[in-house]
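Trainee: Quick one: the structure is below, and I'll ask about it shortly.
The values are calculated or read from the model by the stated rules, or taken from the named source; none is laboratory data. Quantities reported herein were computed from a predicted structural model and do not represent experimental measurements. Cβ placement follows ideal geometry from the backbone for every residue including glycine, while neighbour counts extend to all protein chains displayed. Remember, those area values only see protein heavy atoms, side chains included, never the ligands or the DNA or RNA. Shrake-Rupley method; radii C 1.70, N 1.55, O 1.52, S 1.80 Å.
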Amino acid sequence: PYGGNYWSNFTDTDLYGGPYQNETGNDGIWDHPYVIDGNNTDNYPLTEPLRSEYYTLTIVASTGGSTFPEPDVYTYEVRSVLNVTARTNTGYSFMHWLLDGEEQHGDTTTLFMCSNHTLEAVFADITPPNITAVSQNPTKDSVTWNDDVAINATVIDLASGVKRVSLTYNNGSFWTPVNMTSISGNAWVANIPTFPQCTNVTYAITVEDNAGNIITSKNLGYDLGYQVDPEITLP
């Protein structure tokens, strides 16, 4: 038992504890009941007045969401019971809670304030990057046998950020990967080397963000490629 009340006019022994006050070891409760009147008895009179105890709850949230109550440091009286709910931003998913470093699941978690706690809401980016534009220079209808072809792409990821942009191209025999280079802002570029006349070249761009989401230019719905112009024999 937590105990009853404290009675300033009552003293007794505190040698025992337990529900029946017969287990060896003091517990802050007098060993014998306190008789209030003919109809009322406090079976667990306290040896000292109750002291108010308070504990702190520190709530934090990773990128991608928030909580209710909002992330902050709160103070609660001992034995308080409270619920904390995760609020997820668009494009993210709620993963789990970390309560004092231990995982807990469910959008809402219940805490019993019998000590200080740190509670973190962990969210994950689930939205792949966006390839908004792909172009090449020279254009697909004007590549000659002595042209390097510059492939340009605009890549945007507003959540975790772009980790890697790569180009793979095929000259009809095998695929060759090339890392694309960021040249300014969201612009990326890579070069495809020269090929003999009439070579058919196809290529694709793959983007990965820092959360591991991947997209390729195949998702754009059209083929990327060109044919090296054949030599023209003048009469």
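Trainee: Taking 7 Å along the Cα-to-C-beta vector as the label spot, tell me the Ser135-Ser93 distance in nanometres, rounded to one decimal.
Mentor: Once both label points are built, they end up 3.6 nm from each other.
Trainee: Also, I was wondering about something else. Enumerate by residue number the trypsin sites (Lys or Arg not before Pro) in region 108-195 meeting two conditions: DSSP loop (anything except H, G, I, E, B), and at most 14 other Cβ atoms within 10 Å of the site's Cβ.
Mentor: Sparse-neighbourhood loop trypsin sites (Lys or Arg not before Pro): Lys140.
Trainee: Lys and Arg at +1, Asp and Glu at -1: add these up for the other residues within a Cβ distance under 10 Å of Gly212 and post the number.
Mentor: For residues surrounding Gly212, the net value is -2.
Trainee: Between Ser184 and Phe112, with labels modelled 7 Å along Cα→Cβ, what's the label distance in nm to one decimal, could you check?
Mentor: Rounded to a tenth, the inter-label distance reads 6.3 nm.
Trainee: Note the full-extension length gain between Leu50 and Trp175 as 0.36 nm times their separation in residues minus their Cα-Cα distance, in nm to one decimal.
Mentor: Difference between extended and current length: 37.4 nm.
Trainee: What's the carbon and sulfur percent of the chain's accessible surface, probe 1.4 angstrom, rounded to a whole number?
Mentor: 49 percent
Trainee: Could you tell me what percent of the DSSP beta bridges with both partners in the chain are antiparallel, to the nearest 5?
Mentor: For the chain, the DSSP antiparallel bridge percentage is about 90.
Trainee: Just order 177-183, 85-91, 62-68, 205-211 by mean Cβ neighbour count inside 10 Å, highest at the front, would you?
Mentor: Averaged packing, sorted descending, gives the order 205-211, 62-68, 85-91, 177-183.
Trainee: Also, I was wondering about something else. Dipole of the chain (Lys/Arg Cβ +1, Asp/Glu Cβ -1, origin at the Cα centre): which of Ser66, Tyr55, Ser217 lies farthest to the positive side?
Mentor: Result: Ser217, furthest along the dipole toward the positive end.
Trainee: Using the heavy atoms of the protein chains and a 1.4 angstrom probe, tell me the accessible area per residue for region 76-235 in square angstrom.
Mentor: Dividing the accessible area of region 76-235 by its residue count gives 57 Å².
Trainee: Roughly what percent of Cα-Cα pairs across the chain reach past 32 Å?
Mentor: Value for the chain: 57 percent of Cα pairs lie more than 32 Å apart.
Trainee: Among residues other than Asn9 whose Cβ falls under 15 Å from its Cβ, what is the net charge (Lys/Arg +1, Asp/Glu -1)?
Mentor: -4
Trainee: With label points built 7 Å along Cα→Cβ from the Cα atoms of Asp148 and Glu23, find their separation and express it in nm.
Mentor: It works out to 8.0 nm between the two label points.
Trainee: Follow-up question, since we're still on this one. What relative contact order, as a whole-number percentage, does the chain give when Cα pairs under 8 Å and 6 or more residues apart are counted?
Mentor: Across the chain, relative contact order equals 13 percent.
Trainee: How big is the Cα convex hull of region 1-135 in projection, averaged over all directions, in nm²?
Mentor: 12.2 nm²
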